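What follows is a set of notes on a single structure, which appears directly below.
The values are calculated or read from the model by the stated rules, or taken from the named source; none is laboratory data. These numbers were taken from a predicted model, which means no experiment stands behind them. Positions of Cβ are generated from backbone atoms using ideal geometry, with glycine treated the same way; all protein chains shown enter the neighbour counts. Protein only, heavy atoms only, side chains kept; ligands, DNA and RNA dropped before computing areas. Shrake-Rupley method; radii C 1.70, N 1.55, O 1.52, S 1.80 Å.
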Amino acid sequence: MYTFSSKLKTVSFVLMAIGLLGIGYGFYTAPKDIKEVEELLAADSHGTHAVQKEHGSSNESDSHEVHGSTEENHTEAKSSSQKHEVSSDDEHTEHLNHVLHQLQNKPWSALYVACIFFMLVSLGVLVFYAIQQVAQAGWSPVLFRVMQGITSYLPVGAAFFFVLLILCGLHFNHIFIWLDPEVVATDKLIANKTSFLNFPFWIVRAAIFLTGWCLYQFYSRKNCLAQDEASDDLLYKKNFKLSAMFLVFFIVSESIMSWDWIMSIDPHWFSTLFGWYVFASFFVSGVTTIALVTLYLKSRGYLEFVNNSHIHDLAKFMFGLSVFWTYLWFSQFMLIWYANIPEEVTYFITRIQLYNLPFFGAVVMNFLFPLLILINTDFKRISWVIVMAGVIILMGHYLDFFNMIMPGTVGDSWFIGVSEIASILFFLGLFIYVVFTALSKSPLLAKRNPFIEESKHFHY
C-alpha cells in the first residue's frame, strides 16, 4: 500500500493556499468600472499618445472648417461637429466597456483555463484506461491503479468546472458572449445558433457529459477493486462491456464538449477538426501524467513490477501522440490558411498577431521538443529525460488551452501574470492531493486481472 507522504501533502496544501491568495488578488485588482479603465489606458504611454493625436487632428479639422466657411456653413459645420462628437463619445464609451469586459474576464479566464485543463487531463487518463480495457492489453494492467488514482480527480474537477459554467450563465463574467442577450439581439450569426447555444440546453448537456464520465470512473474503479477479492472474471468482463459503452459515449460527448466549452468562446468561428484537436491535446497530457506519477512512485520504492519496458511504452505514447497533435494542428491551420476565407482566418490572424509567442511557442514545446528528445529509443528508458520531456509537454498543452481560450475572452489584454500562475498552482495542489490520496486507499497492483502475470513479465 502506498502512503501519502506528509511532505507531498504539505506541498499540495501550500500550492492551494498560494493559489487561492493569487486568485483573490487577481479578482481584487481587476477594474470595477470604466473610470478605472480610463486611468489604466491613460497610464499607458502609447494609449495617451494615441488619444492626444486623435483629439489634435480632430481639433485641427474643426478649426479649418470654422474659419473656411460662411456664417451659414458655420452653423451646419457646428451641427455636424456636435453629431461627430456625440458619435465619437459613444464609440469611446463602447470601447471602454469592451476593454472593461476583457480586463474583468482576465481572472475568470485564467481560472477557467486551469480548471478545464486539469479536469481534461484526468479525463484523458480515463480514456486511455478504457482503451486498455477494451483492447485487452497485456502490458498495462500493472499501471491500472496509477490510472485509477489519477482519474479520481475527475469528479472533483468536474464539480469545480460545473460551478464555473453556472457562474458564466449567471453573468458573473463575459467569457461566453453568446450568453449576453444584448449581443444575441444585434448579431444575426449568433442569433441563428440560439437553438443550440442557449443556457438551459448548454448546461444540461454539460451535466450529462460530466455525470456520464464520472459514473464510468466510479464503477470501473469499484469493479476493478472488487475483482481482487472475486473468484472468477465476471467483474472483469463487466468492466470490459462498461468500457466499450463509455468509449462510444465519450466519442460523441467529447466533440460536443469541445464545441460547447471552448469553440463557442469564438462563436463566429468553427472548425470540423476542433474536437479531434482538443482530444489530442488532453490525451497526450493524460498519458504524460501517467508516466510522471509512475516514475515518482517508482522513485519512492513502489510499483516493483513496473520495469523499463513499461516506461518505454509510455514514452512511446508520449512521442506518438505529440506527433498526432502536431498533425491535427497543422491540418487545421493549413486548410484554413489555404482557403483564406475571412470568417475562418480571423481566428489565426488574432493568435499570430496578438499571441505570437505563446502560439508558436506551444508548437515548439508540444512537437519540436518531444520529437528531438523522445525519438531516441534509449532516451525513452531514462527517467530524468522522460520527466523533463513530460513537464515541457504539460506546460506546452496548458499553453495550447491558453491559446484556444484567451483570445476570445481577453483579446489583446493578455499576459501570464498572477491570476494565471495562481490558478495553475491551486488546481495543481488540488490535483496532487486528490490523486495521491486515492492512490493511498487501495493496493497499487490489480492482483486478479486476467492479464496481470503477462503485464508483470512484459519486456519490449
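Observations on the model:
- Criterion: open to solvent by less than 80 Å² (accessible area, probe 1.4 Å) and assigned to a helix (DSSP H, G or I) - qualifying residue of 201, 196, 240, 218: 240
- Check on residue 9, modelled with pLDDT of 50 or more, surrounded by 13 or more Cβ atoms within 10 Å (Cβ to Cβ) and charged (D, E, K, R): yes
- Test: residue in segment 347-360 that is farther than 17 Å from residue 284 by Cα, surrounded by 16 or more Cβ atoms within 10 Å (Cβ to Cβ), of a type in the set (Lys, Arg) and over 19 Å from the mean Cα position of the chain (by Cα): no
- Index of the failed condition, residue 180 passing every other in (1) charged (D, E, K, R); (2) closer than 20 Å to residue 117 by Cβ; (3) in contact with a His (Cβ under 9 Å, 6 or more places away or on another chain): (2)
- Number of the condition not met by residue 390 [criteria: (1) surrounded by fewer than 16 Cβ atoms within 10 Å (Cβ to Cβ); (2) in a helix (DSSP H, G or I)]: (1)
- Qualifying residue in segment 140-148 (condition: within 21 Å of residue 290 (Cβ to Cβ) and outside any helix (DSSP H, G or I)): yes
- When the residues of segment 415-453 are filtered to those that are assigned to a loop (DSSP other than H, G, I, E, B) and under 19 Å from residue 28 (Cβ atoms), the one that is least open to solvent (accessible area, probe 1.4 Å) is 417.
- Among the residues of segment 170-179, not a single one is part of a helix (DSSP H, G or I) and either under 17 Å from the mean Cα position of the chain (by Cα) or among the charged types (D, E, K, R) (or both).
- Checking each residue in segment 266-287 for being among the aliphatic types (A, V, I, L, M) and at pLDDT 95 or above picks out 278, 280, 284, 287.
- Entirely in segment 293-375, the helices (runs of 4 or more DSSP H) that have 3 or more residues that are in contact with a Ser or Thr (Cβ under 7 Å, 6 or more places away or on another chain): 308-339
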